[in-house]
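Some notes on the structure that comes next.
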Amino acid sequence: MGELMERIAKSTVLDYCQYRRTVDSLCARYGVLVPFTIGRSAAGRDIVALRLGGRKSHSLFTAAFHGSEYITTNVLLYLMEDMCEAVCKNSVVDRVNIAQSLTSRGIIFVPLVNPDGVEISIHKAAACGKNAAKIRSLCGGDFTHWNANFRGVDINHNFNADWEDLRALEKSHGIFGPAPTRYGGERPESECETRAVCELCRNTHISHAIALHSQGEVIYWDYKGYCKDAAQPMAEKMARLSDYALDVPMGLASGGGFKDWFQKEFRRPAFTVEIGKGKNPLPIESAEEIYAKIRKMLFACATM
């Protein structure tokens with residue numbers, strides 16, 4: 001694909017301000033990348049989406065549903081930059097001319113779904129404002145592993161995919177209210193971050209969706225068979241290109257999530273890709289290595 005100029009996306013921890021500066025720099029360098037706001041977080045931060053290519057149909061890439069999984073933002077920014085570079089240079093990647101493939105269809109990226117949760121994981125009490133005492137109490141002072149949003153709701157438990165069943169399971173595990181992780185909220189789509197993603201999908205034709213999480217090097221691809229026939233061949237190709245295993249989540253990891261909701265709501269493929277291995281938050285220095293391992297898979301997902 002040729003050498004990039006000095007890369008804008010890097011393997012450094014990105015808090016909200018640094019993330020916005022990175023996105024602004026990418027948009028300034030690549031005029032083909034169009035930013036727009038899909039909503040605001042519980043603490044008032046913009047949730048930014050970026051469009052590349054045509055408008056008839058889109059693949060959707062999302063990241064950072066969970067605060068401690070902020071490395072997923074870096075990986076998605078790497079993909080955004082490489083895709084923009086390929087379009088601008090009219091490059092062929094794995095026998096696909098990226099610019100031509102995006103003439104009518106496009107890609108939408110949402111690299112930071114849960115900006116407040118990421119800010120708490122990175123900056124700890126300093127990111128909590130007037131909620132500092134409450135959040136400290138909920139997490140026992142361990143802000144680093146905070147996954148929820150500013151209100152203590154796990155965004156990936158807040159989608160309307162058998163939410164009531166998942167909420168009952170949460171209660172059986174002792175999760176009755178706001179928590180660092182796995183509390184699904186008072187009702188489906190109670191959270192502004194959840195609603196922002198849902199409204200984006202309802203108002204835009206999304207052919208298929210990918211949610212980046214960490215960790216495990218697995219791909220979750222099916223939810224109760226809602227679009228198994230369409231999703232399975234795509235999942236098998238993704239596994240071949242990444243050497244990630246195909247898997248099915250169980251227990252508290254099943255239901256209530258974005259992938260589950262998208263499949264149930266639209267009967268179209270959606271995938272959760274658990275990048276890297278280790279303990280969250282994964283070392284940020286590993287972002288480029290993780291991206292290199294799944295780059296072919298992500299490019300294929302963008303142009304399927």
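No value in this document is a laboratory result; all are computed from the given coordinates. Nothing here was measured: the structure is a model prediction, and the numbers come from that model. Cβ sites come from the backbone with ideal geometry, for glycine too, and all protein chains shown count toward neighbours.
A few notes on this one:
- Three principal axis lengths of the range 156-283 [C-alpha, angstrom, descending]: 40, 36, 25
- Beta bridges by DSSP in the chain, antiparallel share as percent, to the nearest 5: 45 percent
- Restricting the calculation to alpha carbons of the range 78-233 gives Rg and Dmax of 18.8, 54 angstrom.
- Cα-based helix-to-principal-axis angle, 287-303 vs the chain, degrees rounded to 10: 70 degrees
- Within the range 16-303: Cβ-based charge dipole about Cα centre, in debye rounded to nearest 20 (Lys, Arg +1; Asp, Glu -1): 560 debye
- Under 26 Å from residue 171, Cα to Cα: lysines that are on another chain or at least 8 residues apart: 134, 224, 259, 264, 279
- P(r) tail for the chain: Cα pairs beyond 33 Å make up 17% of the total.
- Kirkwood hydrodynamic radius of the range 1-109, from the reciprocal of the average inverse Cα-Cα distance over all distinct pairs: 14.6 Å.
- Ignoring lysines fewer than eight residues from residue 10 along the same chain, the ones with Cα atoms less than 18 angstrom from its Cα are 293.
- Principal-axis tilt of helix 16-29 within the chain, Cα atoms, nearest 10 degrees: 10 degrees
- Sequence-separation-based contact order of the chain, relative, with Cα cut under 8 Å and 6+ spacing, percent: 22 percent
- Distance (nanometres) between label positions extended 7 Å along Cα→Cβ at residue 123 and residue 285: 2.6 nm
- Cα point-scatterer Debye curve for the range 169-219, base-10 log of I(q)/I(0) at q = 0.14, 0.26 Å⁻¹: -0.57, -1.03
- Remark on residue 40: its backbone amide H falls under 5 Å from those of 47, a criterion applied only to residues 5 or more positions apart or on other chains, H modelled at 1.01 Å from N.
- Exposed loop positions in the chain were taken to be GluC sites (Glu not before Pro) whose DSSP state is not H, G, I, E or B and which have at most 11 other beta-carbon atoms within 10 angstrom. Between these positions, the longest stretch is 7-304.
- A crude spin-label estimate for the pair residue 96 and residue 133, with each label 7 Å from Cα along the Cβ direction, gives 5.3 nm.
- Placed amide H near residue 277: partners under 5 Å, 5+ positions off or other chain: 216
- A simple spin-label model places pseudo-atoms 7 Å from Cα toward Cβ; at residue 165 and residue 29 they are separated by 4.5 nm.
- Antiparallel content of DSSP bridges confined to the range 198-294, in %, to 5: 25 percent
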